Amino acid sequence: MKLYRINALLLKYYYLTVSRIDRLFDIVYWPVIDLFIWGFTGFYIQGLSDVNVLSMLLGGVILWVFVWRSSQDIAVFILEDFWSRNLYHLFSSPIRLSEHLTSIIVMGFIRSLATFVILWPLGILMYSFNILQISPLLVALSVFLLTLFGWAIGLLIAAFLFRYGQRIQIIAWSVTFVLSPFAAIYYPVSALPPWAAKIALALPPAHVFEALRALIYGTPVNVRGLWYAFIASLALFIATAYFLVISFRHSKRTGLLAKGD
Amino acid sequence: MNYIEVRNLVKTFKERGKTLTAVDGISFSAKKGEIFGLLGPNGAGKSTTINILTGLLEKDSGTIKLLGFEPEKNWEYVKNHCNVATAYSWLSDVLTIRQNLKVYARLYGVKNHEQKINELLELFELKEIADRKVVRLSSGENTRTVLCKGLINDPKVLFLDECTVGLDPDIADKTRTLIKDYQKKNDCTILFTSHYMYEVEQLCDRIAFMSEGKIVRIDTSDNLKRMIKKRTVEIAVKKDVGALKNFLKTEGVDVWFGKGNNLRFEVTTEKDKMYKVISKIFHQGFMLSNLHIQGPTLDDIFIKISRKK
């Protein structure tokens with residue numbers, strides 16, 4: 001891997017971010033709207049019960065951004081190259097797949113952090129909710145685990161894109177939404193029906209959000225659950241990266257990479 | 001030294017259970033500083049060959065050497081010294097021309113890239129619109145932008161895949177001149193594909209005719225033209241057009257166009273037949289007001305070769 005080639009693509013994704021209003025909306029608009037909706041909802045419900053619903057909901061909103069952005073940015077930046085029929089020029093250059101993905105992953109993480117930097121003070125300003133007050137260590141750990149999971153999902157979507165082309169681009173927008181009910185972002189796993197709880201416990205994010213809620217409620221954190229989240233996310237990341245490499249080779253055999261559609 | 005060397009290259013695609021052979025065991029080579037043309041109709045295998053050479057497509061079998069190296073084994077060197085331009089693929093359309101060139105200059109590790117970009121923008125007359133987004137460019141501007149990208153790393157081997165498709169004749173001619181000038185100045189090897197015969201004839205030192213994935217013949221444009229022995233002769237006579245027609249018939253020449261005093265016929269150059277017929281026309285005392293002999297074009301060669309197959 002060559003750093004100057006990764007930097008070249010970081011520059012490209014920076015240009016894409018600042019020159020497209022919808023790429024800026026990804027960072028600011030949708031997360032802030034989410035914060036408003038769930039913040040006001042939490043405010044209302046909190047008045048009806050003793051449970052610290054506001055912290056639970058806002059903590060979920062702010063941290064879910066890392067899964068959402070990490071996965072979607074990988075898919076969307078690859079799709080951008082499909083849309084402008086630019087894959088041909090990109091992969092006829094000296095860039096390697098690993099360098100391409102590293103640049104997207106880094107840009108995705110920077111964009112996630114940008115969203116976090118906006119939501120964190122906004123939470124304090126509007127709802128007196130400071131996520132770092134829960135536990136800076138757990139927040140940092142959550143960011144790491146959720147980002148790792150997000151990357152794994154992003155690589156999976158990228159693998160499907162390289163295998164089947166942009167005709168399946170709908171999965172780029174829908175996968176995180178499909179997963180979100182089972183991620184137990186805004187409610188405990190125990191609130192789910194048994195079949196859904198089984199799915200939730202198999203997914204790493206549910207364990208992260210359970211740990212967050214445990215700290216908010218002042219109950220013991222399930223450390224084994226966090227270990228599971230780490231191992232499962234890492235295993236998923238390795239598996240999806242492998243699948244992506246296979247899909248990329250497949251696209252070179254079938255001609256999809258050259259045609260770019 | 002051969003900068004491009006292809007031996008027994010094969011590429012097949014599987015489609016709905018059927019195996020389609022896009023490139024069928026082709027072999028060719030291009031020397032340093034040579035412009036080598038791949039000529040053929042749509043689906044002949046030209047673009048597939050270029051896609052394999054640029055590393056975008058995996059070959060089934062055969063060997064490739066670029067700059068004397070196998071690309072798989074010397075990826076870094078080969079990729080850094082080759083480049084490609086095609087009319088079928090754009091640069092990032094939401095980025096400006098300059099932004100795109102900056103990205104590619106960095107990808108190829110170009111030193112003093114600002115200077116290089118400005119030189120190319122100047123050369124391709126894009127300086128005025130360098131900060132315009134690619135999505136807002138005309139097809140001519142787009143082609144020149146892609147060519148700038150193709151030359152950003154001063155490639156030793158340049159692949160040009162139908163890069164003048166869709167351009168108006170004036171822009172296409174300017175583009176060909178720029179390519180030729182650049183090649184002369186930098187002594188780079190160009191693999192050029194097109195289905196415009198005159199373009200290939202104007203640019204290429206040697207031409208490979210491709211049809212149905214195979215190379216039918218490789219030669220220079222002049223040698224290829226010698227394959228066709230027939231010439232088209234146009235004659236206009238002041239009077240006695242009927243007598244001239246009859247005379248030509250006795251010489252075994254079929255007139256296949258006649259309007260007023262104008263006649264057009266095909267005659268072979270074998271055994272000096274054409275010269276003999278024309279000489280006899282003069283000796284018979286026919287008063288000619290016009291005589292035009294047209295040699296074969298690459299189109300004729302192409303049709304001949306394709307139909308022979």
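The values are calculated or read from the model by the stated rules, or taken from the named source; none is laboratory data. Small disclaimer: the values here were computed from a predicted structure and weren't measured. Note: ideal-geometry Cβ built from the backbone for every residue, glycine included; neighbour counts use all protein chains shown.
For the reader, a short list of remarks on this structure follows.
- Selection within the stretch B:248-293 - over 31 Å from the mean Cα position of the chain (by Cα) and polar (S, T, N, Q): B:Thr250, B:Asn261, B:Asn262, B:Ser279, B:Gln284, B:Ser289, B:Asn290
- Whichever residue in the stretch B:46-67 is more than 11 Å from chain A (Cβ to nearest Cβ) and more than 15 Å from B:Phe192 (Cβ to Cβ) and, among such residues, is surrounded by the most Cβ atoms within 10 Å (Cβ to Cβ): B:Leu66
- Sole exception among (1) surrounded by fewer than 21 Cβ atoms within 10 Å (Cβ to Cβ); (2) within 14 Å of chain B (Cβ to nearest Cβ) for A:Ala214, by number: (2)
- Sole exception among (1) under 30 Å from B:Lys180 (Cα atoms); (2) among the aromatic types (Phe, Trp, Tyr); (3) loosely packed, with under 15 Cβ neighbours inside 10 Å for B:Phe257, by number: (1)
- All positions within the stretch B:217-255 that are in a strand (DSSP E or B) and in contact (Cβ under 8 Å) with a residue 24 or more places away in the chain: B:Arg217, B:Ile218, B:Lys230, B:Arg231, B:Thr232, B:Val233, B:Glu234, B:Ile235, B:Ala236, B:Val237
- Qualifying residue in the stretch B:202-216 (condition: in the same structural domain as B:Gly37 (by TED's automatic domain parsing), of a type in the set (Asp, Glu) and either outside any loop (DSSP other than H, G, I, E, B) or in contact (Cβ under 8 Å) with a residue 40 or more places away in the chain (or both)): yes
- Flag for A:Asn7 being within 14 Å of another protein chain (Cβ to nearest Cβ) and out of contact with any His (no Cβ under 6 Å at 6 or more places or on another chain): yes
- Among residues of the stretch A:217-247, those that are at pLDDT below 95, surrounded by 14 or more Cβ atoms within 10 Å (Cβ to Cβ) and either within 14 Å of another protein chain (Cβ to nearest Cβ) or at positive phi (or both), counted: 0
- Residue, farthest from B:Gly109 (Cα to Cα), within the stretch A:1-13, restricted to residues that are exposed (fewer than 15 other Cβ atoms within 10 Å of the Cβ) and either of a type outside the set (Lys, Arg) or at pLDDT below 85 (or both): A:Met1
- Where B:Lys116 falls short, out of the listed (1) in contact (Cβ under 8 Å) with a residue 12 or more places away in the chain; (2) within 30 Å of B:Glu128 (Cβ to Cβ); (3) within 13 Å of chain A (Cβ to nearest Cβ); (4) charged (D, E, K, R): (3)
- Scanning the stretch B:139-189 for residues that are hydrophobic (A, V, I, L, M, F, W, C), surrounded by 17 or more Cβ atoms within 10 Å (Cβ to Cβ) and not in a loop (DSSP other than H, G, I, E, B) yields B:Val146, B:Leu147, B:Cys148, B:Leu151, B:Val157, B:Leu158, B:Phe159, B:Leu160, B:Ile171, B:Ala172, B:Ile179.
- Of the helices (runs of 4 or more DSSP H) lying entirely inside the stretch A:55-135, those containing at least 2 residues that are surrounded by 18 or more Cβ atoms within 10 Å (Cβ to Cβ) and among the charged types (D, E, K, R) are A:97-127.
- Screening A:Asp50 on (1) surrounded by fewer than 23 Cβ atoms within 10 Å (Cβ to Cβ); (2) more than 30 Å from B:Ser47 (Cβ to Cβ); (3) in contact with a helix residue (DSSP H, G or I) (Cβ under 6 Å, 6 or more places away or on another chain) shows it passes everything except condition (3).
- Condition check for B:Leu9 on (1) over 25 Å from B:Ile152 (Cβ atoms); (2) aliphatic (A, V, I, L, M); (3) surrounded by fewer than 22 Cβ atoms within 10 Å (Cβ to Cβ): one failure, at (3).
- Members of the stretch B:68-112 found to be more than 8 Å from chain A (Cβ to nearest Cβ) and part of a loop (DSSP other than H, G, I, E, B), listed by number: B:Gly68, B:Glu70, B:Pro71, B:Glu72, B:Lys73, B:Asn74, B:His81, B:Ala87, B:Val110, B:Lys111, B:Asn112
- Single unsatisfied condition, B:Ile129 versus (1) away from chain A (no Cβ under 12 Å); (2) over 25 Å from B:Phe28 (Cα atoms); (3) at pLDDT below 90: (3)
- Selection from the stretch A:10-36 of residues that are within 7 Å of chain B (Cβ to nearest Cβ), assigned to a helix (DSSP H, G or I) and charged (D, E, K, R): A:Lys12
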